[in-house]
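S.K.: I am attaching a structure below and will ask some questions about it afterwards.
The values are calculated or read from the model by the stated rules, or taken from the named source; none is laboratory data. As the structure is a prediction and not an experimental result, all values here were calculated from the model. A quick note on method: Cβ atoms are made from the backbone with ideal geometry, for glycine too, and the neighbour counts reach across all protein chains shown. Remember, those area values only see protein heavy atoms, side chains included, never the ligands or the DNA or RNA. Shrake-Rupley method; radii C 1.70, N 1.55, O 1.52, S 1.80 Å.
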Amino acid sequence: MNMEIVKINPLMKVTVLTGAGISAESGIKTFRDGDGLWENHKVEQVATPEAFEINPELVWDFYKQRYQASVNAIPNQGHYALVKLEKALGSNFKLITQNVDGLHHRAGSRNILDMHGNVERCFCTKCRKHFKLSDIDMNVRLPLCSDCHGLLRPDIVWFGEIPYHLDAIERLILNSNIFIVIGTSGTVYPAAGFVMTAKYKGAVTIGINLEKPHNIDYFDHFYVGKAGDLLPELIKQWL
Ligand code: NAD
Ligand code: ZN
C-alpha cells in the first residue's frame with residue numbers, strides 16, 4: 001500500500017466506479033447484505049433473463065419495489081462529494097456506476113455511464129422502444145408497449161447479459177490517471193476486473209469500502225469505512 005498523499009490536478013483524467021455501497025447510506029440495501037440475498041430474493045429468481053421468461057410477474061413486482069425505494073431515497077454525502085469532484089475536473093471526470101437507483105443523477109453528477117441500466121426505465125421486448133416507469137401504469141402487473149403491445153421489461157442488465165457502454169468504459173480505463181472504486185464488493189464481473197486493468201495501464205488506484213474486497217491487491221490506496229463519511233474528507237485532501 002502506497003502511503004503518499006494523492007493530489008489531483010484539473011488536467012488529470014479521473015474515473016470513478018461505484019457500486020451498491022455508495023447508496024447504502026441512502027437506505028438502499030446492498031446486494032450482499034450478509035445473507036447473499038437481494039431484498040429477500042435469490043438473484044437468479046429476479047435478476048436473470050431466465051427468471052423473466054419463467055415468471056415475469058414476480059420480476060416486475062420486484063423491480064417496481066426497487067423503483068419505489070429508489071424514488072423515495074435521497075442522495076447522501078458520498079454522492080454529493082462526487083458532484084464536487086466533477087465540478088473541479090469538468091470533462092476529465094467520468095463516473096461509471098453499477099447502481100441502478102439513479103441517485104448519482106439526482107445528486108447532480110453529469111458524466112455518468114449507467115453500466116447496469118436504471119430502475120426508472122424499461123423497454124419493449126419486441127420493438128425496443130424505451131419508456132420511463134413514471135409514464136406507464138404501475139397498477140398493471142405486466143405492462144405492455146403502447147406502440148406494438150409487446151411485453152415491457154425493466155431496463156436492467158441482468159446476470160448473464162452484457163453490460164452497457166463497455167467500449168466507452170474500456171477507453172476510459174485505459175486513459176485514466178486515477179481510478180477510484182467505491183462501495184463495491186469486487187465480485188460482480190466485468191466491473192470487478194476494471195481496477196486490475198487500470199493498475200496495469202499505470203493509473204493510481206484508490207478504493208473505499210466498508211470492508212476489504214476480494215480484489216484489494218490491485219489498489220495503491222485503500223480506505224475502510226463508509227463512503228458518506230470518508231469521501232467528503234478525502235476529496236478535500238485530493239484537490
Ligand atoms: P455489493 O452489494 O456486492 O457490494 C456492496 C459493497 O459495499 C460491499 O462490499 C459492502 O461492504 C460495501 N458497503 C456497504 N455499505 C457501504 C458504505 N456505507 N460505504 C462504502 N461501502 C459500503 O454491490 P455491487 O458490487 O455494486 O454489486 C451488486 C450488483 O447488484 C450490481 O451489479 C448492481 O447493479 C446491483 N445492485 C444495485 C443496487 C443499487 O442500485 N443501489 C443495490 C443492490 C444491488
Ligand atoms: Zn413495442
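S.K.: For ARG110, which sequence-distant residues (separation of 5 or more, or a different chain) have an amide H within less than 5 Å of its own amide H, given hydrogens modelled in the peptide plane?
M.R.: Distant-sequence amide H within range of ARG110: zero hits.
S.K.: Check which residues have an amide H placed less than 5 Å from ASN215's amide H, if you skip close sequence neighbours.
M.R.: Amide H neighbours of ASN215: none.
S.K.: Here is a further query. Which ³J(HN,Hα) values in Hz, rounded to whole numbers, follow from the phi angles of the stretch 191-208 under the Karplus curve 6.51 cos²θ - 1.76 cosθ + 1.60, where θ = phi - 60° and Gly and Pro get x?
M.R.: 4, 4, x, 4, 5, 5, 4, 4, 5, 4, 8, x, 6, 7, 10, 10, x, 9
S.K.: For the stretch 87-185, what's the relative contact order in percent, using C-alpha pairs closer than 8 Å and at least 6 residues apart?
M.R.: 24
S.K.: Further question on the same structure: Subtracting the Cα-Cα distance from 0.36 nm times the residue separation, let me have the gained length for LEU151 to LEU210 in nm, one decimal.
M.R.: Once the chain is fully extended between LEU151 and LEU210, it gains 17.3 nm.
S.K.: If you take the square roots of the eigenvalues of the alpha-carbon gyration tensor of the stretch 176-224 and sort them as a ≥ b ≥ c, do you get rounded (a/c under 1.5), prolate (a/b over b/c) or oblate?
M.R.: Oblate shape, in that a/c is at least 1.5 and b/c is the bigger or equal ratio.
S.K.: Before I look further, what does the stretch 89-239 give for accessible area per residue, probe 1.4 Å, in whole square angstrom?
M.R.: Solvent-accessible surface per residue comes out at 48 Å².
S.K.: While we're looking at this one, here's another question. Over the chain, what per residue volume does the convex hull of the Cα atoms give, in whole Å³?
M.R.: In the chain, the Cα hull volume divided by residue count equals 120 Å³.
S.K.: Here is a further query. Residue farthest toward the positive end of the dipole of the stretch 176-234, with Cβ of Lys/Arg at +1 and Asp/Glu at -1: which of SER185, VAL224, LEU210?
M.R.: Of SER185, VAL224, LEU210, it is SER185.
S.K.: I need the phi-derived Karplus couplings for the stretch 119-131: 6.51 cos²θ - 1.76 cosθ + 1.60, θ = phi - 60°, integer Hz, Gly and Pro marked x.
M.R.: Per residue, the Karplus-derived 3J(HN,Hα) values read 5, 7, 10, 8, 8, 7, 6, 9, 9, 6, 5, 9, 9 Hz.
S.K.: Just to be sure I understand: of the beta bridges DSSP finds with both ends in the stretch 108-239, what percent are antiparallel, rounded to 5?
M.R.: Approximately 45 percent, going by the DSSP bridge assignments.
S.K.: How high is the relative contact order of the chain? Use alpha-carbon pairs under 8 Å, at least six apart in sequence, and give a whole percent.
M.R.: 25
S.K.: What order do you get for 106-115, 39-48, 18-27 when each peptide is scored by the mean count of other beta carbon atoms within 10 Å, highest first?
M.R.: Highest to lowest by the protection proxy: 18-27, 106-115, 39-48.
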